[in-house]
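Quick notes on the structure that follows.
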Amino acid sequence: MNLKLLFLFLFLAVILSTAETKPRKHKKHHRHRHPHHHHNHEHDHDHGPHDIRGHKHGKHAKRKERFQDIINDFFFGYMGEIPDDDDDDDPSEWLYDLQEPEGQCNPNPCENNGVCKEKGKNKFKCNCRKPFKGRRCERGPKICKRGTCGRGECVLTSTPPFYECKCRHPFQPPNCRTFNLCEPNPCKNGGQCVRDGNDFDCTCPSGFRGRFCHVGPNDCFEEDGESYRGTVSETIDGDECLYWNSHFILEKGTDPFNSFEDSDGLGPHNFCRNPDGDLTPWCFYRRGQKLLWNYCDVDECPEDGSDTPPPTVRPVPVDPPKIPTPPRPTPEKPKPTPAPTQKPTQSPQPSEASPTPTLSSNQFSTCGRPQPKKVMTRIFGGLKVPPGALPWQVSLQVRPKRTTQPYKHICGGVLIDSCWILTAGHCIERGNDMQVVMGGLSLDADEPSEQVFNVEEAVVHENYRETPVSVHNDIALLRLEGTNGFCANETQFVKAACLPEGPMADGEECTISGWGATEESDYGSNHLLEANVLLINQEKCSESKIYGSSLDNSMFCAGYLQGGVDSCQGDSGGPLTCKRNNVHVLYGLVSWGDQCGAKNKPGVYARVTHFLDWIKSKTQTSS
Ligand code: ARG
């Protein structure tokens with residue numbers, strides 16, 4: 001590394017950060033729409049619960065990343081120093097210890113098929129397969145090491161050296177370490193570069209906009225913007241979009257090119273797109289170390305009839321179809337869940353065959369086998385669930401008895417057989433009529449895949465008991481109203497979950513889902529969301545600083561002790577499933593928790609294995 005350059009840089013940084021800072025200019029373009037996530041929520045709270053799904057999606061003042069911000073961006077703190085591949089201080093290491101998995105090699109802490117060896121007490125060593133490294137073999141070869149691209153984004157390409165630096169202007173290629181404000185002129189389409197202290201502004205010819213005047217006058221999208229191929233590369237809050245082939249996105253466990261139904265519009269560029277049927281074009285952006293997404297500052301095309309030119313924009317000189325399936329630096333690391341993901345290799349189960357569900361009256365041909373899905377890893381903390389991915393999730397809805405008011409979602413539930421739903425005991429309200437909706441993802445839309453049933457009978461556990469701090473035996477069975485003992489029809493979107501046969505290992509990663517409250521909205525999400533949580537050791541969770549003696553054997557904890565991902569109000573009764581031999585097994589029902597996503601206050605789930613006999617006896621006798 002060129003030391004002189006580094007010093008010059010530091011010197012400049014100091015000078016600049018002490019220099020008088022000019023007030024930022026906010027150039028906000030007119031927008032036609034300002035879509036919100038999922039559904040309109042009027043408030044953004046600043047201290048909202050950090051539940052399943054939630055980064056703050058601020059309606060912050062529009063931010064524009066200027067020279068000063070780029071210099072101050074902590075993310076670039078490694079300027080020039082390229083950390084060694086062998087350094088072992090993985091920040092997620094301590095997370096793993098926090099969940100206190102039993103035994104050192106079970107579950108296998110080694111990722112990427114590393115082989116675990118126990119080494120004395122509380123120690124293990126992973127023998128990694130090439131080319132993986134790290135304490136848990138979590139690290140693959142790194143082409144885009146921190147610092148490789150100075151103050152720029154490292155994107156992956158299909159030809160050697162397999163990466164390219166996309167500099168944040170005014171930093172200059174190839175390595176984004178030097179900078180130049182107006183030379184060469186960064187403004188496109190005849191824009192004029194005007195120096196503005198340490199920054200620059202492009203004065204655009206009329207009709208052109210964007211930080212570099214790169215957005216043309218006809219740049220707009222139609223309908224949901226699926227066909228949008230324009231060049232807007234900023235979010236509605238002014239954040240600069242990441243390149244779709246950015247290393248940072250992959251590093252966070254998302255591969256846009258393999259995640260969405262319709263990746264045609266994606267390419268080695270950072271233009272907004274809508275590859276997954278969202279409301280409008282959107283893009284990923286980075287804030288600190290977080291990968292976030294937001295809708296884009298794109299205009300909707302004016303309604304036709306006017307004299308406006310054809311809608312979908314001047315073609316953009318990009319998208320060579322040979323977009324690399326870039327080498328994944330850390331393959332198979334389904335983040336954003338910040339923790340170990342490897343399932344135990346040795347499983348107490350017999351083998352590949354379908355487990356025998358414990359239910360007697362099996363009217364469904366299978367259980368626990370979702371519709372094969374294209375992973376859709378869109379993150380706002382949580383993930384939107386694609387159709388058929390959680391076909392056992394149901395919405396339990398109520399309305400006052402003998403009224404015709406609309407039904408309202410109050411809880412989740414789980415389909416375990418054609419006429420049987422498991423839910424939480426505390427979800428049963430006697431004064432109400434109840435219905436169960438299954439096969440849908442959106443609460444406010446009537447989806448053709450939906451099936452709706454009245455509840456004929458609700459059986460709450462005999463020992464269900466609420467105390468001010470806890471809910472014991474929080475489980476209930478709902479018998480659906482059907483014909484000839486037949487209710488739900490097994491389809492692509494409606495399937496049963498399997499009941500468990502025995503305990504799962506601490507530290508195992510399982511899935512929770514629901515329409516409950518999110519950090520975005522206290523009222524819950526309109527679209528079904530899912531997230532991954534880790535099973536937490538029972539003794540650990542019974543420590544006094546966690547739940548002490550509020551926890552009994554009919555419950556267990558799952559989540560992250562450091563806080564963050566969690567279930568929340570409205571998710572109750574919904575599933576926590578874990579995979580066994582590729583089959584989803586219902587291990588818990590969302591029950592309670594102190595706040596949502598708080599540190600040392602993970603979610604508490606009814607322990608389904610504890611109630612297997614109860615479930616069997618109730619479903620046998622009353623059907
Ligand atoms: N009791 C809540 C409900 O009725 C579920 C709360 C779960 N809380 C948590 N922090 N995990 O929906």
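The values are calculated or read from the model by the stated rules, or taken from the named source; none is laboratory data. Just so it is clear, the model here is predicted, and its values are computed rather than measured. Backbone-built Cβ (ideal geometry, glycine too); neighbour counts: all protein chains shown. SASA here: full protein model, heavy atoms, side chains in, ligands and nucleic acids out. Shrake-Rupley method; radii C 1.70, N 1.55, O 1.52, S 1.80 Å.
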For region 545-588, give me the residue count where each residue is in a strand (DSSP E or B) and within 16 Å of the ligand (Cβ to nearest atom).
10
Checking residue 489 against (1) in a loop (DSSP other than H, G, I, E, B); (2) within 16 Å of the ligand (Cβ to nearest atom), the condition it does not meet:
(2)
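From 190, 207, 225, 230, grab the single residue that is open to solvent by 60 Å² or more (accessible area, probe 1.4 Å), among the small types (Gly, Ala, Ser), part of a loop (DSSP other than H, G, I, E, B) and at pLDDT 90 or above.
Numbers: 207 fails: open to solvent by 60 Å² or more (accessible area, probe 1.4 Å); 225 fails: open to solvent by 60 Å² or more (accessible area, probe 1.4 Å); 230 fails: open to solvent by 60 Å² or more (accessible area, probe 1.4 Å).
190 is the lone residue from the list that is open to solvent by 60 Å² or more (accessible area, probe 1.4 Å), among the small types (Gly, Ala, Ser), part of a loop (DSSP other than H, G, I, E, B) and at pLDDT 90 or above.
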Within region 398-429, residues within 16 Å of the ligand (Cβ to nearest atom), part of a loop (DSSP other than H, G, I, E, B) and open to solvent by 20 Å² or more (accessible area, probe 1.4 Å) come out as 428, 429
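In this structure, does residue 499 turn out to be within 13 Å of the ligand (Cβ to nearest atom) and not β-branched (Val, Ile, Thr)?
Against the criterion (within 13 Å of the ligand (Cβ to nearest atom) and not β-branched (Val, Ile, Thr)), residue 499 does not qualify.
Looking at the structure I just gave you, is residue 432 crowded, with 19+ Cβ neighbours inside 10 Å, in contact (Cβ under 8 Å) with a residue 12 or more places away in the chain and not aromatic (Phe, Trp, Tyr)? Steps first, please.
Numbers: crowded, with 19+ Cβ neighbours inside 10 Å: no; in contact (Cβ under 8 Å) with a residue 12 or more places away in the chain: yes; not aromatic (Phe, Trp, Tyr): yes.
Criteria not met by residue 432.
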Hey, any hits in region 598-608 for a residue that's crowded, with 22+ Cβ neighbours inside 10 Å, in a loop (DSSP other than H, G, I, E, B) and within 15 Å of the ligand (Cβ to nearest atom)?
yes
So, in region 506-523, how many residues would count as being surrounded by fewer than 23 Cβ atoms within 10 Å (Cβ to Cβ), of a type outside the set (D, E, K, R) and at pLDDT below 90?
1
Go through (1) surrounded by fewer than 19 Cβ atoms within 10 Å (Cβ to Cβ); (2) in a strand (DSSP E or B) and name the single condition residue 540 misses.
(2)
Consider only pairs whose beta carbons are under 8 Å apart and that are at least six residues apart or on different chains; among these, list those whose first residue lies in region 554-565 and is crowded, with 24+ Cβ neighbours inside 10 Å and whose second residue is part of a strand (DSSP E or B) and aromatic (Phe, Trp, Tyr).
555/605; 556/605; 557/605; 558/605
Output the residues belonging to region 258-285 that are farther than 25 Å from residue 300 by Cα and not in a loop (DSSP other than H, G, I, E, B).
258
